[in-house]
Amino acid sequence: MSSPPAAAGRKTTGRTASWQSTDFVIVVTDPADAQFKDRVASELAGLFPERCAATAHHMTSSWQCYLFSRGGAVQPELTERVSLFGENSVPVSSFCLKGEFITESNLQGTELLDDIAVKYAKSGSETLNELNGWFAGVIVDSESRRVSVFNDRYGLGRLYCYRNANTTILATTVRAIQLLVPETRSFCDQALADYLSCGCTLSNTTLFPHISILPPASVWEWSSGVEPAKSRFHSFESCADSPLSLDAYNEAVVETFKDILPRYLNDVESVALSLTGGLDTRMILAWADSSLSALPCFTFTGMNRESRDASVARRVAATAGCDFSEIMVDERFLSRFEELAREAVLRAEGTVDVTGAVELFINQEAGKLAPCRLTGSFGGEVMRGLVAFKPSQKLDTVFHEELRSQCDHTVQVYQDLLKAGRRQFVLNHQLPWHHYGRWQLEQSEVRVRTPFLDNQLVDLTLRSPYDTDPENQTTRYLLDRSNHPVINLPTDVAAERQASPIWRELFRLWQRATFKSEYIYDHGFPSQFAFLNPLLYRLPLQRALSGRHRFYHFGEWYRNGLSKCVKDMLLDPATLGRPYLNSKEVEAKVVAHIKGRGNATDTITKLMTLELIERNMLSK
């Protein structure tokens, strides 16, 4: 068996460069009056309070470009005098980037931006295909009269878009467009149905009318007027054209994972590993250098007990010789819930619900341990083709019938998209639509990295001989080849490997039963068994079930510690008067949940989320 790379032979294959604070807005329009730039900058001043830098680029008599950015547009002095778009030797006028890159050099700061600009000049969008990480950017070249706007291949560097006959607005924040275009400050009915059914909007739409998002790997270029040329610099479909045999694929995954992992650990002094009881973070520990034994590890746990996930993570860290700590979601969180929920919905701009308050809290605590959080996020999606969401066939009766009827369209769109295969669905749709909100919320507090979104590894997984891997064949092979002691430890759902087959099966069934029971206790029975919910909450099950597998329990909290917050928000006359709600149904569901006569956890979560969007994004 192969062993992990030795410390002495460790190869640093990249550096991480962050450009996370540079939100920007670009407006391409017909020639405007002289005061246009100042008017827009004034509108955006509240959104970019530190400093709203504005530049105007008069391209031709028929179109102009205006660039607004938080903290100022980057104007690099290029290390080579090249045109970004033509043969003449002229410098770029403005260059804005938001995101984080894993580069193949030691360049940092403006040197990195110069390097990207020079490569873009020589190779065009091929340069973007080589960039590892998440990003959104704009390059303006006034002399060549060209503008190029782009995002990363996963769509995690999101760009929002508003277009009319003679104007295009692209922005890294949807609130910028809402400030500039008041008619976008409402809900779009079909998108709202998608959101309530799936937890995200579909088909590159947003919750707001006339605002869409650019697809992943987009490049929009303007050169001769207000109509852009649109292209994609990467296609996941093309990567799947040459599948490998299982043996060849497994070997290639081992070699690739060994090659890419040091890119995410080269500045280990600023990194902490967000460890779980599962296999994805264990792969990271198993293949990390032995020199990284000082890598601090942490996990999350609840106030009722140490969860199975946390107890296993503790054993894994001890076996690897790593320091370990737990971040507890406790009374401190409950006391700050209203503030955290509002901030989570606002920072993610409506793409996460109020349960994102937990994500915000734990990442604030994680930031005290290290500025960078290394995770196993997307390991299941990329390695095993895990589809993380599906539409609900029916919405709760608290929503109007017109809105509920639109779920049929949501279900049909989802099913059509899934026909391309699970891995294609995950990369083309699930990542940019479903996972974007949590990703951005986490990034607002710490720098989040995961080797499972490395371009090299992702492209390889598309050559897998199977579309999904429910038995974790490749993951287990990768762990076994590491020959690390952590591979023999139990997981959050499985017993030790050395245990007898009968015990392993009994243990698996027990863990599955307790996981399902805890979920039902918090979220209620499925609709066909909903009549059992009142009985469920009369039984003293909290101590027996709560906290075994989950570290947050909103169903329980809505009935107890957060009940006043729920009532104050959802029974408010302004909330009950929303045009898409049946007010009597809302009142009945909220009161029944708080008094333990039913379970409306998911409905309360959706209602509170929509109300926070109404109050903080649509009314202001």
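The table below gives the values:
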{"quantity": "Sulfur and carbon atoms: percent of accessible area, the chain [1.4 Å]", "calculated": "50 percent"}
{"quantity": "Inter-label distance, nm, simple model (7 Å from Cα along the C-beta direction), Ala56/Arg497", "calculated": "6.8 nm"}
{"quantity": "Whether segment 421-503 is rounded, prolate or oblate, judged on the alpha carbon gyration tensor where a/c under 1.5 counts as rounded", "calculated": "prolate"}
{"quantity": "Segment 323-430 - Rg over Rh from alpha carbon coordinates, Kirkwood radius", "calculated": "1.06"}
{"quantity": "Efficiency of FRET from Cβ geometry, Lys564 and Arg305, R₀ 25 Å, rounded to 0.05", "calculated": "0.45"}
{"quantity": "Arg463-Glu43 pseudo-label distance in nm [points 7 Å out on the Cα-to-Cβ vector]", "calculated": "4.9 nm"}
{"quantity": "Semi-axis lengths, Å, the chain, gyration tensor of Cα atoms, sqrt of 5 times eigenvalues", "calculated": "39, 34, 21"}
{"quantity": "Full-extension gain in nm, Glu227 to Asp330, via 0.36 nm per residue minus C-alpha separation", "calculated": "31.8 nm"}
{"quantity": "Nearest-10 value in Å² for the accessible area of His434, using the 1.4 Å probe", "calculated": "50 Å²"}
{"quantity": "Distance (nanometres) between label positions extended 7 Å along Cα→Cβ at Lys394 and Glu587", "calculated": "2.4 nm"}
{"quantity": "Helix-only mean residue ellipticity at 222 nm for the chain, each DSSP H run of n ≥ 4 adding -39500 (n - 2.57), per residue, nearest 500", "calculated": "-11000 deg cm²/dmol"}
{"quantity": "Residue-count net charge about Tyr195 - beta-carbon cut-off 12 Å; Lys, Arg +1, Asp, Glu -1", "calculated": "-2"}
{"quantity": "Pairwise Cα inverse-distance average, inverted: Kirkwood Rh of segment 380-526 (Å)", "calculated": "18.8 Å"}
{"quantity": "Probe 1.4 Å - accessible area at Tyr120, Å² to nearest ten", "calculated": "10 Å²"}
{"quantity": "Fraction of antiparallel bridges per DSSP, the chain only, in percent to nearest 5", "calculated": "80 percent"}
{"quantity": "Cut-off 20 Å, label 7 Å out along Cα→Cβ of Leu346, residues of segment 27-57 by amide N", "calculated": "42-52"}
{"quantity": "Surrounding net charge for Ala420, when Lys and Arg each add one and Asp and Glu each subtract one, Cβ distance under 13 Å", "calculated": "0"}
{"quantity": "Residue-count net charge about Ala574 - beta-carbon cut-off 9 Å; Lys, Arg +1, Asp, Glu -1", "calculated": "-1"}
{"quantity": "Whole-number percent relative contact order across the chain, with pairs defined as alpha carbons under 8 Å at least 6 apart", "calculated": "15 percent"}
{"quantity": "Extension gain from Ser242 to His523, taking 0.36 nm per residue of separation minus the Cα-Cα distance", "calculated": "96.8 nm"}
{"quantity": "Förster radius 35 Å - calculated FRET efficiency between Arg476 and Gln415 (Cβ-Cβ, nearest 0.05)", "calculated": "0.65"}
{"quantity": "Protein-only accessible surface order, largest first, of Ile502, Ile169 at 1.4 Å", "calculated": "Ile502, Ile169"}
{"quantity": "Segment Lys368-Lys122, length gained on full extension (0.36 nm per residue, minus Cα span)", "calculated": "84.4 nm"}
{"quantity": "Unit charges at the beta carbon, dipole of segment 436-483: most positive-side option, Ser464, Thr474, Gln443", "calculated": "Gln443"}
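The values are calculated or read from the model by the stated rules, or taken from the named source; none is laboratory data. Note that the structure is predicted; figures quoted are calculated from it, not measured. Here the Cβ is made from the backbone with ideal geometry for all residues, glycine too, and neighbour counts use every protein chain on show. SASA here: full protein model, heavy atoms, side chains in, ligands and nucleic acids out. Shrake-Rupley method; radii C 1.70, N 1.55, O 1.52, S 1.80 Å.
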